[in-house]
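K.L.:
What follows is a structure written as structure tokens; I'll ask about it next.
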Amino acid sequence: MTTFRDFGLADPILAALDASGYTTPTPIQAQAIPHLLQGRDLLGIAQTGTGKTAAFALPLIHRLAADPKRPAPHSCRALVLAPTRELASQIAESFVTYSGDLRLNVQVVFGGVPIGRQERALFRGVDVLVATPGRLLDLIDRGSCRLDKVEALVLDEADQMLDLGFIHALRQIAKLVPKVRQSLFFSATM
């Protein structure tokens, strides 16, 4: 695959990539995107700055756009877990950028800020939820978020989350998502 057009991504995604100046996929993108478009699970390892976020975000956006449906209240269709608020924010911004004119609802939740606004954002459901594990469990405990409708689960910097002691939170979250889902694990240092 030498261009993003070769993957068969939806036109609004291609337009957003063109507007952002992206034309040639990186090696992780060229290897991951075709498998993810087929609905396969994937473990992707590549150095920082090689486009891992686009490698999982582009096929997820394509999938959500190809099967447009309203998310269930308090739920999400795709869940991306990240170890830090900074990374979670960057991932959410990338989803917004890559989705272009598609009407996907992307929300990010993390600790250290008032929870009320995040609860209101989840009230009607979202297409993509990017979260840190601790805040996600807080929202679940408060009845503001449920994971029974998740179609795809992404752990970004999965090994870092384990190193930071999120293993128990990840186990709790894994029990709450459907067994039948697409699972993606990405890391720079695994």
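The values are calculated or read from the model by the stated rules, or taken from the named source; none is laboratory data. Everything quoted here is computed from the prediction, not taken from an experiment. No Cβ is skipped: glycine too gets one built from the backbone with ideal geometry, and neighbour counts run over all protein chains shown. Areas reflect the complete protein model, heavy atoms only, side chains present, ligands, DNA and RNA absent. Shrake-Rupley method; radii C 1.70, N 1.55, O 1.52, S 1.80 Å.
K.L.:
When only residues in the stretch 9-38 that are modelled with pLDDT of 95 or more, among the small types (Gly, Ala, Ser) and touching a helix residue (DSSP H, G or I) at 6+ places or on another chain (Cβ under 8 Å) count, which is nearest to Ile61 (Cα to Cα)?
P.N.:
So the residue we want is Ala10.
K.L.:
Can Arg77 be described as among the basic types (Lys, Arg), in contact (Cβ under 8 Å) with a residue 40 or more places away in the chain and closer than 19 Å to Leu36 by Cβ?
P.N.:
For Arg77, the condition - among the basic types (Lys, Arg), in contact (Cβ under 8 Å) with a residue 40 or more places away in the chain and closer than 19 Å to Leu36 by Cβ - is met.
K.L.:
Search the stretch 94-124 for residues being open to solvent by 20 Å² or more (accessible area, probe 1.4 Å) and part of a strand (DSSP E or B), and hand back the single one that is nearest to Ala15 (Cα to Cα).
P.N.:
Looking at residues that are open to solvent by 20 Å² or more (accessible area, probe 1.4 Å) and part of a strand (DSSP E or B), I get Val106.
K.L.:
Still on this structure, I have one more. Considering only the stretch 72-93, I want to know if a residue exists there that is modelled with pLDDT under 95, open to solvent by 20 Å² or more (accessible area, probe 1.4 Å), assigned to a loop (DSSP other than H, G, I, E, B) and over 20 Å from Leu170 (Cβ atoms).
P.N.:
No.
K.L.:
Now for a separate question. Need pairs with beta-carbon distance below 6 Å; first residue open to solvent by 60 Å² or more (accessible area, probe 1.4 Å) and within the stretch 33-60, second outside any helix (DSSP H, G or I); sequence gap 6+ or separate chains.
P.N.:
What qualifies is His35/Leu42; Asp41/Ser183; Leu43/Phe185; Ile45/Ser187; Ile45/Met190; Gln47/Ala188; Thr48/Ala188.
K.L.:
Consider the stretch 37-71. How many of its residues are closer than 25 Å to Gly111 by Cα, in a loop (DSSP other than H, G, I, E, B) and of a type in the set (A, V, I, L, M)?
P.N.:
Residues in the stretch 37-71 being closer than 25 Å to Gly111 by Cα, in a loop (DSSP other than H, G, I, E, B) and of a type in the set (A, V, I, L, M): 0 in total.
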